[in-house]
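Have a look at this one.
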Amino acid sequence: MRNMLYIDGKWIAPAEGGYQEVTNPATEEPIQEIAYATEQDVDVAVKAARRAFDRDGWPRLSGTQRAQYLRAIAQGIRHRQEEIARLEVLDNGKPLPEALWDIGDAAGCFDFYADLAEQRDSEGPEVIALADERFTCKAVKEPIGVAGAIIPWNYPLLMAAWKVAPALAAGCTVVLKPAEVTSLTAIQLAAIIDEAGVPPGVFNLVTGAGSVAGQAIIDHKGVDKLAFTGSGPVGSRIMAAAARDIKRVSLELGGKSPFVVFDDADLEQAVEWIMFGIFWNQGQVCSATSRVLVQEGLYPRLLARLVEETRKIRIGNGLDEGVLLGPLVSKRQHEQVLGAIEAAKAAGATVACGGQRPAGFDKGYYLEPTVLTDVPLDSAAWVEEIFGPVVCVRPFASEPEAIELANDSRFGLAAAVMSGDEARAERVAAAFQAGIVWINCSQPTFTEAPWGGYKESGIGRELGRWGLDNYLETKQITRYTSKQPWGWYIK
Ligand code: NAD
């Protein structure tokens, strides 16, 4: 089966880019063919989004009117939740229960921004008190314009929802480009948006190569805002492209997030959250807590329990019952993660468990969940994002040492702390240089709360009301209300 591009309310074949096969990471078998958009296709999509924004009236609908479309999209996703989740498993490899969770969250994201769009109608503009009483002033928020959204492969539909829902709620129009290896559920989203009756040009989907379709979006003068989730190097490139035309930009990039466990933490809970922090989604999570720091008194017992439980994780095809760890997303990712483990070993790390392709899995991009110890602080395994089911565990002596080790990173996306002492947990949470901090847990993510990183982990925040602000400009409207003439030139 061949997929088309969705541009200006129509399904169209790519101009010249052709099609490329996508494969199931569990079996390495082909699934479908994806259209590869050219620069010309992107130009048509951006022009359609421009027209829908500048002339056709999407930004001038009330929030309540736009909310109706968003709710119809949420319903459309829920209606097909099972089917879309299965497609996500085929495309990305994640276990079905995780995919069902993601798809439910994606629907919830559209409902959440529907509520916010409605709320904005009832709130009205903010009145600004001026010292000069001859004037009145108000601040209003308006949609930025055409948003170019570029997303990665780890949460294909959910990442689309995180960008498309707030953008449409704000009144922006959108050109979305999913990752080349996982476009199938974004294509489903386009079909749902079409069925919801969203006017032509408001949402456009261009699948294809980052270097062609993605680059054409970021370079296009008709795009006002770039919203990106992905790797640091591409993030830098996007920021540079945005700088040329002063496009608005928000970036959600990588991380190397620490998890600090004190002696007084509950051992079983700590092991559970460490595993959830690094093995969920095969560790292909930007906020994965991949550096675990454990206080000396607990370290030997915790490491032993972690290894014991990690060995029990059921690996397999994400569609099979009881599987908790599927294959990595692609051959490339599999090779990269295996390469990172080999490099860690060469640097002196010890493999406490895992580290290779599991026995009996000759096909598919499977990898054992891996625990590394003795990882040198200056090695790539400790410093760089691995983006796989690989955790580095290390002991520490004191609270100041733990904080120093945790913050010694160029990233600052997330951090977690576990302690039975509430005051200490709060103190450490305050000391973390990270945009997302978890106490006594790791990874739970809520649509209502801000999401984004410090340092090289990105710029801006998604989700919650911050996610809506990403797609809004602020305008002041000032009125001269005095009956007295201004009297500067004309006395
Ligand atoms: P990537 O940066 O290679 O690709 C992300 C997207 O950018 C894809 O759609 C790709 O086609 C596109 N792209 C590539 N080159 C481009 C270009 N020149 N111009 C425009 N678009 C281009 O990253 P990836 O391999 O898909 O994802 C893994 C990375 O993403 C990891 O580093 C991870 O940390 C990060 N990530 C971050 C978050 C977050 O919320 N902060 C979430 C998921 C993934």
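Can you list, bin by bin at 10 Å, the percent of alpha carbon pairs in region 24-146, starting at 0?
11, 23, 28, 23, 9, 4, 1, 0
Most exposed first by the Cβ proxy, i.e. fewest other Cβ within 10 Å, how do Glu309, Glu252 rank?
So the ranking, lowest neighbour count to highest, is Glu309, Glu252.
Report, to the nearest 10°, how far helix 422-431 tilts away from the longest principal axis of the Cα atoms in the chain, using its own Cα long axis and a range of 0 to 90°.
On a 0 to 90 degree scale, this one is about 60.
Ordered by residue, what ³J(HN,Hα) values in Hz, to whole numbers, does region 44-58 give under the Karplus form 6.51 cos²θ - 1.76 cosθ + 1.60, where θ = phi - 60° and Gly and Pro are x?
After applying 6.51 cos²θ - 1.76 cosθ + 1.60, I find 5, 5, 5, 5, 5, 5, 4, 5, 5, 7, 6, 10, 7, x, 3 Hz.
Around Val329, what is the net charge, scoring Lys/Arg as +1 and Asp/Glu as -1 over all other residues with Cβ under 10 Å from its Cβ?
Combined, the nearby Lys, Arg, Asp and Glu give +2.
In terms of the Cα gyration tensor, with a ≥ b ≥ c the square roots of its eigenvalues, is region 148-262 rounded because a/c is under 1.5, prolate because a/b exceeds b/c, or oblate?
oblate
Mind jotting down the three principal axis lengths of region 96-163 based on Cα atoms? Whole angstrom, largest first.
63, 24, 17
To continue, here is another question. Helix 184-195 versus the longest principal axis of the chain: what angle, 0 to 90°, nearest 10, using Cα atoms?
It works out to around 30 degrees.
Using the Karplus curve 6.51 cos²θ - 1.76 cosθ + 1.60 with θ = phi - 60°, what ³J(HN,Hα) values do you get for each residue of region 137-153, in whole Hz, with x for Gly and Pro?
8, 9, 10, 10, 10, 10, x, 5, x, 8, 9, x, 10, 10, 10, x, 9
Per-residue ellipticity at 222 nm for the chain, helices alone: DSSP H runs ≥ 4 residues times -39500 (n - 2.57), over residue total, nearest 500 deg cm²/dmol?
Rounded to the nearest 500, the figure is -12500 deg cm²/dmol.
Sticking with this structure for a sec: Quick check on the exposure proxy: order Thr474, Thr310 from fewest to most C-beta atoms within 10 angstrom. Walk me through the intermediate numbers first.
Details: Thr474 10, Thr310 23.
Ranking Thr474, Thr310 by Cβ neighbours within 10 Å, fewest first, gives Thr474, Thr310.
Still on this structure: Give me the net charge of Pro444's neighbourhood, meaning all other residues with Cβ under 13 Å from the Cβ of Pro444; Lys, Arg count +1, Asp, Glu -1. Walk me through the intermediate numbers first.
On the way: positive: none; negative: Asp105, Glu272, Glu448.
Cβ neighbours under 13 Å give a net charge of -3.
From zero up to wherever the largest Cα-Cα distance of region 277-343 sits, split into 5 Å bins and tell me the percent of pairs in each.
Per 5 Å bin, starting at 0, the Cα pair percentages come out as 3, 14, 17, 25, 22, 12, 6, 2, 0.
In bins 20 Å wide, starting from 0, what share of all Cα pairs of the chain does each bin hold, as a percent?
The calculated distribution, bin by bin, is 23, 52, 22, 3, 0.
What does the convex hull of the alpha-carbon atoms of region 258-439 project to on average, in nm²?
9.9 nm²
Highest mean first, what order results for 350-363, 19-32 on Cβ atoms within 10 Å?
19-32, 350-363
If you count the DSSP beta bridges with both ends in region 258-439, what percent of them are antiparallel, to the nearest 5?
Just about 15 percent of them are antiparallel.
Enter the angle in degrees (range 0 to 90, nearest 10) between the Cα long axis of helix 267-279 and the first principal axis of the Cα atoms of the chain, meaning the one along which they spread out most.
Rounded to the nearest ten degrees, it is 60.
Which far-off residues, 5 or more places away or on another chain, put their amide H under 5 Å from the one on Ile128, with H placed in the peptide plane?
Amide H neighbours of Ile128, under 5 Å, 5+ apart: Cys137, Lys138, Ala139.
Whole Å is fine, so just give me how far the alpha carbon centre of region 263-288 lies from that of region 64-119.
About 26 Å separates the Cα centre of region 263-288 from the one of region 64-119.
Still on this model: Alpha carbon centre of region 15-44 versus region 174-242: separation in Å?
Each part's Cα centre sits 14 Å from the other's.
Moving to a separate point now. Going down the table (Lys47/Lys225; Lys138/Lys491; Lys94/Lys163; Lys177/Lys363), which pairs top 19 Å between alpha carbons?
On the way: Lys47/Lys225 14 Å; Lys138/Lys491 29 Å; Lys94/Lys163 21 Å; Lys177/Lys363 29 Å.
Flagged as over cut-off: Lys138/Lys491; Lys94/Lys163; Lys177/Lys363.
Going by how many other beta carbons lie within 10 Å of each one, how would you line up Glu16, Glu33, fewest first?
Placing the least packed residue first, the sequence is Glu16, Glu33.
Considering only the other residues whose Cβ falls under 10 Å of the Cβ of Arg427, what net charge follows from Lys and Arg at +1 and Asp and Glu at -1?
Residues close to Arg427 contribute a combined charge of -3.
Over what distance in Å are the Cα centres of region 454-491 and region 307-358 separated?
49 Å
FYI, it's all coordinate maths here, none of it is from the lab. Please read these numbers as outputs of a predicted model, since none were measured by experiment. When we count neighbours, we look across all protein chains shown, and the Cβ atoms used for this are built from the backbone with ideal geometry, even at glycine.
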